[in-house]
Amino acid sequence: YMGTLSSRCAGIALLLRLRDLDCGSGRHAMAILPLYAHERGDIDGRGRGSLMKLIRRRILEARHGILGSSGGVVAFVSVLVFLALLMTLVVSWVASFASESGGDVVQSSEPRVQEGVAGIPAASGKGVASLDRESEPSEPGAARDAYRRARVVAAFEHAWLGYKKYAFGHDEIRPTTNATNDSWGGFGAVLVDGLDTMMLMGLEDDVAAARQHIEGLSFRKDYSASFFETTIRYLGGLLSAYDLSRDELYLRKASELGECLLAAFASPSGLPYHEVNLLTGAAKNPSWSADRAVLSEIGSFQLEFLHLATLTGDTRFSDAVERVNELIASGNSIQGLFPVYVDIKTGAFSGDHLSTGALADSFYEYLLKQVLLSRGRDRSSLRLYTEAVEGIRALLVGRSGPRGLTFLGQREGGRTTPQFDHLMCFVPGMLALGTTVPGIESHEHLALAQELAHTCVTLYTDQPTGLGPELVDFATDPQAPADYTVRSGAYLLRPETLESLFVLHRLTGDEAYKDQAWAIFTAIERHCRTASAYSGLRDVTQRDGEQNNSMQSFFLAETLKYLFLIFSEPDVLPLDEWVLSTEAHPLRIATKRA
């Protein structure tokens, strides 16, 4: 039943529902139910957007086999029937609209944006079938952004539906074998970590499925959890979900998890241990780090704990932050940079290994973001951040030989080595974001950010896959045959380069950053997409690089979120109102509990 289309009809919404019916050989059926036609004006864009989202969902579900193993043929035929009915609707609508406008059909250049969660605009996506037929708009502007944004949403849904079919409730899906992975406690890392991305994209059905799982979660489990990973993936994800939705369930679960994590601070120095049993509270360091804590781990919980304290009024969380921050501030830095290891018993820094990459990266990020979250009131973190940037410029910045690429090295034993890892590509975004803080040298910091971002992008474009390697050694000799050699060609679906491109575009408006992000996305689609999700690569230097059968939760939490945001309007998570954690979880600045 299609209803009656006339010049007075404002639209018809169709609902495709799949029901289990006893059909003899199997349980499958399709029912198309009419809703209603509004007696007002032309078809409302929100209705069309919802209809197209529904079509996209049904096609993806059919593609992933969610309709049932015994009903594949009928499901396929059902989709074809529904598409035929849709075409009838579209043709009739266009004809009706054209007759009313004198034959001139005016089409909006961008799908209407719906109001999203907690006042954040959410994009309305085009259907997958529409994306397959359309060519990308050639000119920069709203239409091209909408096309690219819809492609990113479709990629998220592809990954989510594969996870939902094969690994729902587990931490991750193995994307080439469809096995499950529970490296982070088996609480459902993908759905908690990726929840706020779903909310921003307006994927209400996915949010509802994730919420139902979270409602039944208990974090009080006899499991020795990584303090760092549990904080940034789970606690951050729950806090962000609360900020975006104001759903008390997420804050309640965040409080429960935070309570479990407090036991990690039982060390003699007050620094958090590497891992903590969420049921018993037993905390320890692993054998590989013995009595040493890692800089990035003791310095990357502050945003989440401060925000939890603000939302709940429980000062135990902010007290833990204050004790650790005081210990760090009293430590001996090397020209503003801190060694990557610290004694868990005494709190004294050990050695002189300096880096902005692995073992250190998010420590420096959180110095700045504590300033932003406090609206500049945290003067101690501001001092440490500005001193650290000066140390980076003095000790770690280098330039390669042939092309003069700016890079960051590592320093140990009084000398700097030109070893650069992908994690360092967050630094351009950090430096650019720091220029929004009054009193920070904006011109020089932004210039360095742009140079480093160029290097990170070049590491992508130089490879035959268009994706960046995990680890390279730069050559500083002008006569060297190449700027760098690839030490590890692995690509882990990492977000850092995209993060920096997003921040730089937001702050400068330069369209080139969008195009660079789009090139990375198309390379991911070309080389990392599997039948059920997305996989990292073992070696980006090989044109047909082998997939590594891993899709970590940060791909949905960070990589796809930054891609979505760079093609969204600035009023989607404005940077003067939100701080994105190291796992890209948006936390509302100076939030007060409603």
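Quick notes on this one:
- Of the accessible area of the range 241-378, computed with a 1.4 Å probe over protein heavy atoms only, carbon and sulfur atoms account for 49 percent.
- If only the Cβ of Lys and Arg carry +1 and only the Cβ of Asp and Glu carry -1, the dipole of the range 420-575 around its Cα centre is close to 500 debye.
- Looking at the range 259-359, the accessible area is 37 square angstrom per residue; that uses a 1.4 Å probe and ignores ligands, DNA and RNA.
- ALA282 paired with LYS165, simple spin-label distance in nm, labels 7 Å along Cα-to-beta-carbon: 4.1
- Fraction of accessible area attributable to carbon and sulfur, the range 387-509 (%, probe 1.4 Å): 49
- For the pair the range 176-190 and the range 433-485, the centres of their Cα atoms are 33 angstrom apart.
- In terms of its alpha-carbon gyration tensor, the range 375-420 comes out prolate; a/c meets the 1.5 threshold, and the first ratio a/b outweighs b/c.
- Taking the average, over residues, of other Cβ atoms within 10 Å as the packing measure, peptides 418-424, 177-183, 401-407 rank 418-424, 401-407, 177-183 from highest down.
- Peptides 549-557, 190-198, 159-167 ranked from most to least packed give 190-198, 549-557, 159-167, packing being the mean of other C-beta atoms within 10 angstrom over each peptide's residues.
- Scattering from the range 390-522 was approximated by placing one identical point on each alpha carbon and applying the Debye formula without solvent; log10 I(q)/I(0) at 0.10, 0.22 1/Å stands at -0.31, -1.40.
- Solvent-accessible area per residue, Å², over the range 163-221 with all protein chains present [probe radius 1.4 Å]: 36
- Relative to one another, the C-alpha centroids of the range 546-594 and the range 237-262 are positioned 17 Å apart.
- Too-long pairs where the Cα-Cα distance tops 19 Å, listed order kept, from LYS221/LYS253; LYS514/LYS561; LYS221/LYS284; LYS253/LYS284: LYS253/LYS284
- Tensor-based shape of the range 244-336 (alpha-carbon gyration tensor, a/c under 1.5 rounded, otherwise prolate or oblate): oblate
- Percent accessible area from carbon and sulfur atoms, the range 538-591, protein chains only, probe 1.4 Å: 38
- Full extension of the chain between ALA480 and ASP247 yields a length gain of 78.1 nm, computed as 0.36 nm times the residue separation minus the alpha carbon distance.
- Stretching ASP576 away from SER135 to a fully extended chain increases their span by 155.3 nm, per 0.36 nm per residue minus the current alpha-carbon distance.
- Placing dummy labels 7 Å off each Cα toward the beta-carbon, the span from ASP291 to ASP314 is 3.2 nm.
The values are calculated or read from the model by the stated rules, or taken from the named source; none is laboratory data. As the structure is a computational prediction, the values presented were derived from the model and not from experiment. Counting neighbours? That spans all protein chains shown, and the Cβs are built from the backbone with ideal geometry, glycine included. Calculation scope for accessible area: heavy atoms of the full protein, side chains included, ligands and nucleic acids excluded. Shrake-Rupley method; radii C 1.70, N 1.55, O 1.52, S 1.80 Å.
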